[in-house]
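Structure, as structure tokens:
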Amino acid sequence: MNISVTSRSIVDAQSEGYIFFVPEGIKIDQNKALARLAGTVAPHLSDLCKAYSFSGSSLSTFSLPLVVGTQRAHIILVGVGSKEGSYIPVERYRRAVGKAIRIAQQYKLKTISVQVPDAQSLKLTNERLGQETVCTIAMTDYAFDEFITDKKRKAHRIDAVTLCASSAAAAGLKKGAARGKLIGKAVNTARHWVNLPANKLVPTDVAEHAKKIAAESGLTAQVFTGAQVKKMGFGGLEAVAKGSTQDCRFVVLEYVARKKTAPTIALVGKGITFDSGGLSLKPPQYMETMKEDMAGAAAVINAMGVIGKLKPKVNVVGLTPLTENLPSGTATKPGDIITFYNGKTAEVLNTDAEGRLVLADALSYAVKHYKPALVIDLATLTGAVAYALGPGYAGLLSNQNKMVDRVEKAGKSSGDLVWRLPLPDDYGHAIESPYADISNICLKNQYKPGTITAALFLSHFVDDTPWVHVDIADTAFNAPNKSYYTPGGTGVGVRLLVDLIEQW
Ligand code: BES
Ligand code: ZN
Ligand code: ZN
């Protein structure tokens, strides 16, 4: 999709689609560009809006197909509602953008012009507005149709989008648009990896993709094989990988900032390309979507690609353990005791609680080798987070309030919302084991919050390092309400991590 920014009037654009965002209650002639367009091609627009009760209420739409000369010219209006306080929330704007693009797709429009709203009305800079607009358009343009051979069933793709704005706004918008394109592409790649079924994306594939991204973005890449991680003492990753014929990988991507004394942020992503549960086999229905279990790794690797290109002031390292979790004669058995990279031991009572095992090694490695100012992990870790928070918020658990503030802020501005859950030391009893340092599940009936007990397990592997754990089990796949998402992978975490690093 070609993206451009212009300060010429949208009325002069030769597009098939003309998109406008309409605040609640506004009259057509109050929007200069829209009034001019209506004056030239749709003199009855104002009456039509009235007749069809389009008043600009939040996420309402009105679309008008026209023929101008021999060309089609489709006017698309999307309501952005009333201000909340003194501005329109940016997430509402994103959803409005998504809705507008969905209409353009429905009518198979190839070229589109967008009248960009005033940045102040959204409390954004022009740069950020350009980023949000283009990132959201790119996300709405994504479809997982690679394996559909019937051309008629393939998704429509938009060829070109022109953002129209005042000449004062154009320069900022342009700069932001370039970033939005980069971030949107990374989000879509993350979604794509999540969508690819486990027979089309195995751990070695993800590692190869990561190497390619590293080469394109000026990152260094280290890829450890199954034999290497075993030798290094990654007992968690080894134990999970053992049941599969696919060799596992541990991938480390590094971005080095110009300033030598810059702090390092470590990003860790769970990368289970398929989670059957292992010998503690999942029931079929719970297994159906388990290709999504590498969403954390997909977010980390693709965010690293963006970071390499945006060159922030902090060092960033991305670490992803990648494996399948399958049952077989060589698989880890319930009751097995394993030793992690930091020397701690765990009794594996349930092989379906495998995410914490691979993360334990990766977190231990991150804190030992990078002494990071923050280690943040993203993981589709627990089904329980769906009951705690639902698909609109990822669960956040942390050992340091200052870092929570940073991640919450990045969540709000990026659209990848997080919500904190407590991490009480008290509940540590939940994962006691009579035979090893800890157990990988909680057998005590008093402790039911699975998201918290999983995070408590992870807390054994970060020492005193400031650490934030983000449980994306319910936000990574099939999340409702956001018009710019399609069923399947959401790419959650990419925007969050990029925002977090950029604001550092
Ligand atoms: N990958 C799953 C968690 C998950 C569930 C992700 C639903 C996405 C959607 C994880 O490995 C798992 O199986 N967790 C278990 C832990 C339990 C055995 C303690 C769970 O949440 O049921
Ligand atoms: Zn599992
Ligand atoms: Zn899992």
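The values are calculated or read from the model by the stated rules, or taken from the named source; none is laboratory data. If you're wondering where the values come from, they're calculated on a predicted model, not measured in any experiment. So basically every Cβ, Gly included, is an ideal-geometry build from the backbone, and we count neighbours across all protein chains shown. Side chains included, ligands, DNA and RNA excluded: accessible areas come from the protein's heavy atoms. Shrake-Rupley method; radii C 1.70, N 1.55, O 1.52, S 1.80 Å.
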Completion exercise
Scanning the range 59-84 for residues that are of a type outside the set (Asp, Glu) and within 19 Å of GLY415 (Cα to Cα), the one most open to solvent (accessible area, probe 1.4 Å) turns out to be LYS83
Exercise for the section: Among the helices (runs of 4 or more DSSP H) lying completely within the range 351-457, list those that include at least 1 residues that are in contact with a Lys or Arg (Cβ under 7 Å, 6 or more places away or on another chain) and within 16 Å of ligand 3 (Cβ to nearest atom). Expected result: 355-370
Practice task
Can you confirm whether the range 273-280 contains a residue that is under 19 Å from the mean Cα position of the chain (by Cα), within 19 Å of HIS192 (Cβ to Cβ) and assigned to a helix (DSSP H, G or I)?
Solution key: no
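Within the range 154-171, can you find the residues that are part of a strand (DSSP E or B) and surrounded by fewer than 18 Cβ atoms within 10 Å (Cβ to Cβ)?
Listed by number, the list holds a single entry, ALA160.
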Practice task
Take the range 240-272 and flag every residue that is part of a strand (DSSP E or B), among the hydrophobic types (A, V, I, L, M, F, W, C) and within 13 Å of ligand 3 (Cβ to nearest atom).
Solution key: ILE272
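Residue-wise test of (1) in contact (Cβ under 8 Å) with a residue 12 or more places away in the chain; (2) out of contact with any His (no Cβ under 8 Å at 6 or more places or on another chain); (3) open to solvent by less than 20 Å² (accessible area, probe 1.4 Å); (4) within 16 Å of ligand 2 (Cβ to nearest atom).
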site	(1), (2), (3), (4)
THR225	yes, yes, no, no
GLY233	yes, yes, no, no
ALA239	yes, yes, yes, yes
LYS242	yes, yes, no, yes
GLY271	yes, yes, yes, yes
Practice task
Pull up the range 448-492, narrow it to residues that are more than 16 Å from ligand 2 (Cβ to nearest atom) and touching a Ser or Thr at 6+ places or on another chain (Cβ under 6 Å), then point me to the one that is nearest to LYS368 (Cα to Cα).
Solution key: PHE461
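Given the residues VAL462, VAL468, which is the only one that is modelled with pLDDT of 95 or more, over 15 Å from TYR393 (Cβ atoms) and buried (at least 20 other Cβ atoms within 10 Å of the Cβ)?
Values: VAL468 fails: over 15 Å from TYR393 (Cβ atoms).
Result: VAL462 is the single residue among VAL462, VAL468 that is modelled with pLDDT of 95 or more, over 15 Å from TYR393 (Cβ atoms) and buried (at least 20 other Cβ atoms within 10 Å of the Cβ).
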Problem - Set GLY355, GLY383: member being buried (at least 21 other Cβ atoms within 10 Å of the Cβ) and in contact (Cβ under 8 Å) with a residue 24 or more places away in the chain - result: GLY355
Exercise for the section: Check the range 418-428 and report whether any residue there is within 15 Å of ligand 1 (Cβ to nearest atom) and farther than 30 Å from GLN503 by Cβ. Expected result: yes
Handout entry: Selection within the range 276-288 - at negative phi and buried (at least 16 other Cβ atoms within 10 Å of the Cβ)
Key = SER276, LEU279, SER280, LYS282
Exercise for the section: Among the numbered conditions (1) buried (at least 23 other Cβ atoms within 10 Å of the Cβ); (2) within 16 Å of ligand 1 (Cβ to nearest atom); (3) more than 20 Å from PHE461 (Cβ to Cβ), tell me where ASP293 comes up short. Expected result: (3)
Exercise for the section: For LEU59, state whether it is aliphatic (A, V, I, L, M) and not in a loop (DSSP other than H, G, I, E, B). Expected result: no
Completion exercise
Counting only residues that are touching a strand residue (DSSP E or B) at 6+ places or on another chain (Cβ under 6 Å), more than 15 Å from ligand 2 (Cβ to nearest atom) and either β-branched (Val, Ile, Thr) or farther than 29 Å from LYS368 by Cβ (or both), the range 325-337 contains a total of 1
Handout entry: Flag for PRO43 being loosely packed, with under 14 Cβ neighbours inside 10 Å and either among the small types (Gly, Ala, Ser) or under 18 Å from ALA104 (Cα atoms) (or both)
Key = no
Problem - Scan of the range 286-324 for residues that are within 16 Å of ligand 2 (Cβ to nearest atom) and among the small types (Gly, Ala, Ser), ordered by number - result: ALA295, GLY296, ALA297
Problem - Considering residues of the range 364-385 that are more than 14 Å from ligand 2 (Cβ to nearest atom) and under 19 Å from ARG420 (Cβ atoms) only, the residue farthest from the chain's Cα centre (by Cα) - result: LEU374
